[in-house]
Amino acid sequence: MTFIEMNPAEIDRVFAILKREAESGGYFLNPDADFSKNLVAGLLKNEKRYGYRACPCRLASGKRDEDRDIICPCDYRDPDIEEFGACYCALYVSPAVAAGKVKVAPVPERRPPRSLRGPQPAIRSITPSEPLAVPMPVWRCRVCGYLCARDQPPGICPICKATKDRFERFL
């Protein structure tokens, strides 16, 4: 196994960016800065290994299409925060946890087992129950639910910063 050395200044830089982006989108990072920075180091290690920031608390396959749901911020972040006060790895937390009013408790794994996942298409389409007359496609971010009407999904979600491949055609 190859050791991947992490630069503390790079970890601090990415931590500051993630914190700023989280707060601008109404999210909070875990208030335990050392804990959060260790998770950021894991994200950066996965980025160097695989080319994307897979959740450091999950086993990534190394294939972006198979791991798209666990690229940080993962598809499970919002439901985990809503139900348990933190995402699976506890990098993102609820306002109550961020304010120190509630402690982070273990979060059960929401991701289906590999045998039930199957391949994830690059761009998924959701078929509406009844036809709608929309002049252009509507795209939905699978991470935060952001909707936009345009010919192609945005390169990066303006809310949660998820990449283009994390969008699905909504209408």
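Each value in this text was obtained by applying a stated rule to the coordinates, not by laboratory testing. Not measured: the values here are computed from a predicted model. Every residue, glycine among them, receives a Cβ derived from its backbone with ideal geometry; neighbour counts consider all protein chains shown.
Here are some notes:
- Ordering Leu171, Leu91 by the number of other Cβ atoms within 10 Å of each residue's own Cβ, fewest first, gives Leu171, Leu91.
- With neighbours defined as other Cβ atoms within 10 Å of a residue's Cβ, the residues Met6, Met136 order from fewest to most as Met136, Met6.
- Principal semi-axes in Å for the chain [√(5λ), Cα gyration tensor, largest first]: 28, 19, 16
- Legend: residue pairs Lys37/Lys161; Lys37/Lys103; Lys103/Lys161, Cα-Cα distance threshold 25 Å; pairs beyond threshold, Lys103/Lys161.
- Highest-fluctuation residue, Ala99, Ala54, Ala90 considered, GNM on the chain with Cα pairs under 10 Å: Ala99
- GNM top mover of Leu39, Leu59, Leu116 - the chain, alpha-carbon springs below 10 Å: Leu116
- Neighbour counting of Cβ atoms within 10 Å sorts the residues Ile156, Ile81, Ile70, fewest neighbours leading, into Ile156, Ile81, Ile70.
- Computed E for Lys103/Ile17 - FRET, C-beta separation, R0 22 angstrom, nearest 0.05: 0.25
- The chain: most fluctuating residue of Cys89, Cys57, Cys72 per GNM, C-alpha cutoff 10 Å: Cys57
- Candidate aspartates and glutamates for bridging to Lys63, where Cα separation is under 17 Å - those fewer than 8 sequence places away on the same chain excluded: Glu47, Asp75, Asp165
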